[in-house]
1. Tally Lys/Arg at +1 and Asp/Glu at -1 over every other residue whose Cβ is under 15 Å from the Cβ of Asp115; what's the total?
2. Between Leu146 and Arg53, what is the spin-label point distance in nm, taking each point 7 Å from the Cα along the Cα→C-beta axis?
3. Can you tell me how much longer the chain between Asp115 and Thr14 gets when fully stretched, taken as 0.36 nm per residue apart minus their C-alpha distance, in nm with one decimal?
4. Which of rounded, prolate, oblate describes segment 70-148, given a ≥ b ≥ c as roots of the alpha-carbon gyration tensor eigenvalues and a/c under 1.5 marking rounded, otherwise prolate only if a/b is larger than b/c?
5. How far apart, in nanometres, would the label points at Asp5 and Glu104 be if each is projected 7 angstrom from Cα along the Cα-to-Cβ direction?
6. Can you give the local net charge around Trp84? Use residues other than it whose beta-carbon is closer than 13 angstrom to its beta-carbon, Lys and Arg +1, Asp and Glu -1.
Amino acid sequence: MIYSDVSVTIEDTTVSDNLAGDGGLLCDDAYQPPCPTGGDGGGISNLGALTMRNATVSGNRSGGSTAEGGRGGGVYSIGQAWLWYSTITDNEAPANAGGGLWTEETVILADTLVDANWANLSGSDCAGYVFLLNHNLVGRSEGCGLVG
């Protein structure tokens, strides 16, 4: 699980099989699951600016047991985020929304796949505002405000 409150770039990386949240845990080796804490952001919890390039976020699960936590099974972002040539799939938000991606700020997707995620409330693949550039696939967009 990656937790960041500053600018971070994730490139050529896989973040997978974590049970995590915004509790302040940074796993040095994302390939050593699980990394449990609980709360928002199963794979990535972003409070600053996030850039992902050629990255995969898969098989993560957000924690929390109320509507106040558990957002973003794969990625939870309250800062600006740019996702290029990336994949967000097979993540879960069992207590809230945004199984793949939950965002407060607008997220820009370019040539990115967001599909096959699950959320208990709304936005199985994403919840929040998403701006699309180039070719993207967002499987279930019922929780997204898609632009572009």
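1. -4
2. Label at Leu146, label at Arg53, 2.6 nm between them.
3. Stretched out fully, the Asp115 to Thr14 stretch lengthens by 34.8 nm.
4. Prolate shape, in that a/c is at least 1.5 and a/b is the bigger ratio.
5. 1.2
6. Taking every Cβ under 13 Å from that of Trp84, the sum is -2.
We did not get these values from a lab; they are worked out from the coordinates using the rules stated. What you see is a predicted model; the values in this text were computed from it and never measured. Neighbour counts run over all protein chains shown; Cβ positions are idealised from the backbone, glycine included.
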